[in-house]
Ligand code: SF4
C-alpha cells in the first residue's frame, strides 16, 4: 500500500534504490540480530531478510571493529543498508561510505564528548550523510529520550518524545538537509499512535518510520504492533515500518512477513485490532534483540518468561525483558518487573529499583517469587 495522500502527503526521500514518502509504497524493514563483526552470519541474515522482502536492513554499530566489518558486509550484499548508531556517533564517518542510511537517537548524543554541543554533533552527522549519499533517520525511543526533554515534559513522555524529534528535525534542516525521516517508538501501542499523530500534525511533510519497540514474542508482539499500525496507516500516517519481534535468528524473516501482512490487511480493509490492548491482563514486553545482545540465551529466556508467567495472565502486570545494557536499564523502568541481560547474569528490577543480578539458571524462580509477591499485594 502507499502512504498518505492529500494534505498529509509527506515528502519523498531516497534510501539507496527505494523512495519512501510522497505516495511511494510503505517500505517494510528489519534489523540484524547477529554479531555485526561476524560477517558471514550477518550477511546470511541480511540475505534471509531480503529474500522475505525487506526493503531496508538495519545493522547496529557501536564499536570500531563493527564499523570495520561493514565494508565487507557491503561487498557481499546489494540491498539497502541502514546503520544504527548509539553513543559512538563518530563511527558514522567510517560506515557511511558503505551504507544508504544512518539512524541516530537524539537521546544518545549526550554521552560522548559531553562538552561538544548536540547541534554540532548533528551538523557532523548531516555532513557525513550528505558527503556519502545517505538518508537519515532521527529515531526517538521511549526509554532513551533526551534528558533535557524529560525534565521539561515531566509526566508527559509523549510530549517529550515529540518535542525532541521536532527539535532535531529543525537542527537537521538548519543544515539544509531534508532527506530524513523520523521514528517515535514506545512499547505501548497507544503511545505510538498518539506520538505519531502529534508529529504528523506538527510536521505533515516529514516521512515517518513506524514501530512498536519491544513488542515481544509472536503472536502478542504482532498483535501489539498491528494495533498501532492499523490505526496510523488507516489515517495515512507511516511511510516505512518495522515489526520488532523477539524470535531466534533463524526466524527473523517473521518481522517482514508480519509487516507485509499488516499492510495487506489494512489495504483491504481487514482490521483485526480492538482499541484497547491487554486491559487487566499480563503484558510481556521484550526487545527483538540485535547485535548488541549480551548473551545468546536471551530469546530462550524471553520465551521461558512468557511460559512461566502464564499463570498470572489475568493480572494487570507488565514484565519487560531486554537483551543488553544499551536499552535495558532505561526501557525496563516503566515495567512492574524488569530483566535485562548481561553476559553472565540477568539484572532484575522492580520498577526503576534494581533488586539484584542473578545467574541465568536462577532468574526464573526469582522472578516467580517477585511476581507472586506483587499479585498478593494487589487488591
Ligand atoms: S535492548 Fe539491546 S539487544 Fe535488545 S534490541 Fe535493544 S539494543 Fe538490541
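Rule-based calculations on the coordinates, nothing more; no lab input. Note that this is a predicted model, so its numbers are computed, not measured. A quick note on method: Cβ atoms are made from the backbone with ideal geometry, for glycine too, and the neighbour counts reach across all protein chains shown.
Quick check on the chain: of the DSSP beta bridges with both residues there, what percent are antiparallel, nearest 5%?
Taking every DSSP beta bridge within the chain, about 25 percent pair in antiparallel fashion.
What shape does the stretch 6-267 take by its C-alpha gyration tensor, where a ≥ b ≥ c are the square roots of the eigenvalues and a/c under 1.5 counts as rounded, a/b above b/c as prolate, and the rest as oblate?
Details: a/c = 1.38, a/b = 1.01, b/c = 1.36.
In terms of gyration-tensor shape, rounded.
Name all residues of the stretch 102-116 having a backbone nitrogen under 14 Å from the label point set 7 Å from the Cα of residue 87 along its Cα→Cβ direction, giving them as ranges.
Under cut-off, by backbone N: 107-115.
Which one, 56, 140, 150, has the greatest fluctuation when you compute a Gaussian network model over the chain with C-alpha springs under 10 angstrom?
Among 56, 140, 150, the largest GNM mean-square fluctuation belongs to 150.
Treat each spin label as a single point 7 Å out from the Cα along the C-beta direction, and report the residue 378 to residue 9 distance in nm.
So the label points at residue 378 and residue 9 sit 4.8 nm apart.
Compute the Cα gyration tensor for the stretch 1-113, then decide on rounded, prolate or oblate, letting a ≥ b ≥ c be the square roots of its eigenvalues: rounded whenever a/c is under 1.5, prolate when a/b is larger than b/c in the other cases, and oblate in all that remain.
oblate
Could you give the angle, 0 to 90 degrees to the nearest 10, between helix 254-267's Cα long axis and the longest principal axis of the Cα atoms of the chain?
The two axes meet at around 70 degrees.
Find the centroid of the Cα atoms in the stretch 247-261 and in the stretch 310-325, then give the distance between the two in whole Å.
Going from one Cα centre to the other spans 22 Å.
Taking Cα centroids, how far is the stretch 181-213 from the stretch 56-78 in Å?
27 Å
Assuming R0 = 22 Å, what is the FRET efficiency of residue 308 and residue 362, from their Cβ-Cβ distance, to the nearest 0.05?
Efficiency, from the Cβ-Cβ distance: 0.95.
Compute the length gained on full extension between residue 251 and residue 235: take 0.36 nm times their separation in residues and subtract their Cα-Cα distance, giving the result in nm to one decimal. Could you put the intermediate results ahead of the total?
Values: separation 16, 0.36 × 16 = 5.76 nm, distance 3.07 nm.
Contour length minus Cα-Cα distance gives 2.7 nm.
Quick one: length gained pulling residue 119 to residue 205 fully straight, 0.36 nm per residue minus the C-alpha distance?
Values: separation 86, 0.36 × 86 = 30.96 nm, distance 2.21 nm.
Fully extending the segment from residue 119 to residue 205 adds 28.7 nm.
So for the chain, averaging the separation of alpha carbon pairs under 8 Å that are six or more residues apart and normalising by length, what relative contact order in percent results? Provide the component values of the computation, followed by the final result.
Numbers: 780 pairs, mean separation 55.2, N = 379.
In percent, rounded to a whole number, it is 15.
May I ask you to derive the FRET efficiency for residue 264 and residue 41 from their Cβ-Cβ distance with R0 = 25 Å, giving the value to the nearest 0.05? Let's see the in-between values first.
Values: r = 30 Å, r/R0 = 1.21.
According to the calculation, E is roughly 0.25.
Treating the angle as unsigned and between 0 and 90°, give the value, to the nearest 10°, between the Cα long axis of helix 360-377 and the longest Cα principal axis of the chain.
70 degrees
Using 7 Å Cα-to-Cβ label points, what is the residue 316/residue 51 separation (nm, one decimal)?
So the two model labels end up 4.6 nm from each other.
Roughly how many nanometres apart are two label points built 7 Å out from the Cα toward the Cβ at residue 111 and residue 68?
Each label point lies 7 Å from its Cα, and together they span 2.1 nm.
Between 0 and 90 degrees, rounded to the nearest ten: what's the tilt of helix 157-174 against the longest Cα principal axis of the chain?
20 degrees
Under the rule a/c < 1.5 gives rounded, and otherwise a/b versus b/c splits prolate from oblate, where does the stretch 283-377 land using the Cα gyration tensor?
Prolate is the answer for the stretch 283-377, as a/c is 1.5 or above and a/b outweighs b/c.
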